[in-house]
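The values are calculated or read from the model by the stated rules, or taken from the named source; none is laboratory data. Since the model is a prediction, treat every value here as computed from it, not as a measurement. In this analysis, Cβ positions are derived from the backbone assuming ideal geometry, glycine residues included, and neighbour counts consider all displayed protein chains.
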Amino acid sequence: MPISACRSKADFFGFNPNPDGMRFRDLGFGTFLRSGPGSAPNPNSSLWLSFAPLTDGQMQTSTTRNVAMTPTQCPTTEAGQVDANGKPIPYFQKEFFHNGYIKSLKQLVHFYNTRDAFPIGFGFPVTSGHCPPGTTEKVDCWPMPEVANNEDMTVGNLQLTDAEENLLVIALQDMTDGFDPANPTVPGILYKNIDTFTGQCMISTTENASTQGNSTIIPTPTPLTPCASAVCGVQPVPNPPIP
């Protein structure tokens, strides 16, 4: 996934989840094997540490169960939906993938369908917030990956139509279970407190599910800030080096 803007200052409680800020790169499983930032010590490092460079950039893929679950007040995860009267339907903003870059199920499906379909970098290293004029990020421009090492490019150009993508979104939305909105207090039903959401649903008149979240993208620095030594300088170092 592309590099996303990361918090680099402490929050109200003094907790700083990412002191390296834009210099952080999520090496995924490689970070875990190195006992890197955010990871507990690897108890089997003597056996597995040497495999870290072979797994840099690889992430655990979660199940699709309940991927479309939302509070009852916000009946969808997708922006741009309207009711029978043409009124915008409030949506619940989720974040998908390891860094939250993807904001809707439509974008998620479109990523897997087209991530390798467009010229990589358009001749130069495109980062988030800097897609070339005439292109739209997450639609016909995917920024460079956060970690290109060990990238699998065998299934990134599925050539599905827009309608076929939408059918897959419907299939994902059908994987929500365990809650009956008509009987929210029935004992034994999972997620019986789903209707206690006290936040705010979102409504956008300028974005749809394909461009959802683009209006709040924080462009990455140009030139790209080098990877922090606390991440990319831990032995055995990534190979090839990560910018």
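Yes/no per residue for (1) part of a helix (DSSP H, G or I); (2) in contact with a helix residue (DSSP H, G or I) (Cβ under 9 Å, 6 or more places away or on another chain); (3) at pLDDT below 90:
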| residue | (1), (2), (3) |
| --- | --- |
| Thr176 | no, no, yes |
| Asn183 | no, no, yes |
| Lys192 | no, no, yes |
| Asp195 | yes, no, yes |
| Thr198 | no, no, yes |
| Thr205 | no, no, yes |
| Thr211 | no, yes, no |
| Pro219 | no, no, no |
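The number of residues in region 82-95 being closer than 22 Å to Gly57 by Cα and either among the small types (Gly, Ala, Ser) or modelled with pLDDT of 95 or more (or both) comes to 0. Can you tell me which residue in region 17-63 is surrounded by the fewest Cβ atoms within 10 Å (Cβ to Cβ), limited to those that are out of contact with any helix residue (DSSP H, G or I) (no Cβ under 6 Å at 6 or more places or on another chain) and among the acidic types (Asp, Glu)? Among those residues, the one meeting the criterion is Asp20.
Filtering Arg34, Arg25 for residues that are more than 18 Å from the chain's Cα centre (by Cα), of a type in the set (Lys, Arg) and under 24 Å from Glu151 (Cα atoms) leaves a single hit, Arg34. Here the helices (runs of 4 or more DSSP H) wholly within region 45-142 that include at least 3 residues being more than 25 Å from Gly21 (Cα to Cα) are 45-48, 105-114. Checking each residue in region 71-81 for being at negative phi and modelled with pLDDT of 90 or more picks out Cys74, Pro75, Thr76, Thr77, Glu78, Ala79, Gln81. Restricting attention to region 193-220, report how many residues are of a type in the set (Phe, Trp, Tyr) and free of Cβ contacts under 8 Å to residues at least 60 places away in the same chain. Here the count works out to 0. When restricted to residues that are assigned to a helix (DSSP H, G or I), touching a residue at least 60 places away in the same chain (Cβ under 8 Å) and of a type in the set (Gly, Ala, Ser), region 221-243 contains 1.
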